[in-house]
Amino acid sequence: MDPTTDNAGITGDAGKARASLEALRAEIAKAVVGQDPAVTGLVVALLCRGHVLLEGVPGVAKTLLVRALASALELQTKRVQFTPDLMPSDVTGSLVYDARTAEFSFQPGPVFTNLLLADEINRTPPKTQSSLLEAMEERQVTVDGTPRPLPDPFLVAATQNPVEYEGTYPLPEAQLDRFLLKLTIPLPSRQDEIDVLTRHAEGFNPRDLHAAGVRPVAGPADLEAARAAVAKTAISPEITAYVVDICRATRESPSLTLGVSPRGATALLATSRAWAWLTGRDYVIPDDVKALALPTLRHRVQLRPEAEMEGVTADSVINAILAHVPVPR
């Protein structure tokens with residue numbers, strides 16, 4: 001069947017994939033209340049083959065969100081609780097001696113999945129944190145000199161707690177830069193919290209998503225079709241220059257010691273493209289760039305200590321830059 005094109009210039013196959021991904025919000029809402037921006041961010045990351053850092057206080061459904069997403073997308077998910085005594089082999093896997101064959105065989109670790117939930121990643125030492133670097137960047141794990149490819153799609157959703165920094169190991173800038181997005185998970189509004197408690201009073205069990213009615217509404221084939229459509233989303237030279245101007249402005253900001261690298265600029269272009277396609281267009285506009293600037297750039301900049309003491313945040317600096325950089329017409 002020849003694909004048809006709708007008014008937004010999206011082919012029929014891609015349009016079907018987009019409708020399936022849009023249905024994710026309604027499906028995940030059966031388990032998670034009021035976290036639409038985080039759901040959208042995770043979908044954008046999947047479309048861009050990127051990874052996500054989720055930051056929020058305990059108890060705001062970060063784990064449940066990833067599990068619900070995996071169920072709605074019919075993807076495999078595994079969870080690793082990062083602790084100070086966690087070893088790299090506990091994540092990647094290791095060689096195990098088989099006494100029957102007198103040979104070593106590879107035992108895959110939890111990283112061999114589609115959605116890896118790295119819970120409280122900043123509670124494990126840098127040696128174990130770095131075990132994820134190859135997996136995140138190269139989509140493979142090398143053990144004993146043998147590279148082993150990871151499944152596709154593959155996404156690391158790492159969580160960290162913005163409080164209780166005692167006994168934590170802050171992620172180095174090089175690893176932070178490997179995350180496509182940093183999403184903040186806020187406390188729910190009063191009405192959302194009432195809805196959460198009402199669901200629990202009615203018997204909702206967060207450990208049984210099937211009973212909650214969460215069903216697969218999309219799958220790997222939809223993601224592939226969506227990624228192909230995103231790759232065809234048009235970007236004008238003016239939009240490219242706009243992204244570059246925003247990133248260069250972070251390097252000149254007096255409030256920052258570290259601005260956005262060219263990798264960050266590439267990431268902003270990619271996420272803007274994915275967001276444009278999700279909203280029904282086959283071309284990127286400045287509003288797409290503005291919509292994704294905060295989650296794409298906030299973890300790629302470093303505040304000066306004096307600015308931090310004055311209450312300046314990465315978000316406020318980026319918002320000020322967005323307000324001052326000329327917008328292409």
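The values are calculated or read from the model by the stated rules, or taken from the named source; none is laboratory data. Every value quoted in this text rests on a predicted model; they were computed, and no experiment measured them. As a convention, Cβ positions derive from the backbone with ideal geometry for all residues, glycine included, and neighbour counts pool all protein chains shown. Please note that ligands, DNA and RNA were not included when accessible areas were found on the heavy atoms of the full protein model with its side chains. Shrake-Rupley method; radii C 1.70, N 1.55, O 1.52, S 1.80 Å.
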Task: Solvent-accessible surface ranking, highest first, for 87, 309 at 1.4 angstrom - done: 309, 87
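Quick one: if the Förster radius is 41 Å, what FRET efficiency do residue 127 and residue 98 give, using the C-beta to C-beta distance and rounding to 0.05?
Values: r = 27 Å, r/R0 = 0.67.
The computed FRET efficiency comes out at 0.90.
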TODO: Report the label-to-label distance for residue 266 and residue 23 in nanometres (one decimal), using points 7 Å from each Cα along the Cα→Cβ vector.
DONE: 3.5
Task: residue 173-residue 236 pseudo-label distance in nm [points 7 Å out on the Cα-to-Cβ vector] - done: 3.4
Open item on the list: If packing is taken as the average number of other Cβ atoms within 10 Å across a peptide's residues, how do 20-26, 222-228 rank, most packed first?
Closed with: 222-228, 20-26
Open item on the list: I need two numbers for the range 198-329: Rg to one decimal and Dmax as a whole number, Cα atoms only, in Å.
Closed with: 19.2, 54
Open item on the list: Just to be sure I understand, if you calculate volume of the Cα convex hull per residue in Å³ for this structure, which of (i) 182; (ii) 270; (iii) 129 do you get?
Closed with: (i)
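Check each of the GluC sites (Glu not before Pro) in the range 249-329 and keep only those in coil by DSSP with at most 11 other C-beta atoms within 10 angstrom; list them in order. Before the final figure, lay out each step's value.
On the way: sites: 252, 306, 308, 310; in loops: 310.
Taking the range 249-329 and a limit of 11 other Cβ atoms within 10 Å, the loop GluC sites (Glu not before Pro) found are 310.
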Task: Ranked packing of 288-295, 260-267, most packed first, by mean Cβ within 10 Å - done: 288-295, 260-267
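In whole percent, how big is the carbon plus sulfur part of the accessible area of the range 1-150, probe 1.4 Å, protein atoms only? Numbers along the way, then the final one.
Values: 3500 of 6860 Å².
Carbon with sulfur: 51 percent of the solvent-accessible area.
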- [ ] Kindly provide the helix-only [θ] at 222 nm of the chain, computed as the sum of -39,500 (n - 2.57) over DSSP H runs of four or more divided by all residues, to the nearest 500 deg cm²/dmol?
- [x] -13000 deg cm²/dmol
Task: Accessible area of the range 211-282 belonging to carbon and sulfur atoms, whole % at 1.4 Å probe - done: 60
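Over the chain, what is the percentage of antiparallel beta bridges among all DSSP beta bridges, to the nearest 5?
Details: 13 of 31 bridges.
Around 40 percent antiparallel, to the nearest 5.
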- [ ] For the range 278-301 and the range 17-95, compute the distance between their C-alpha centroids and round to whole Å.
- [x] 20
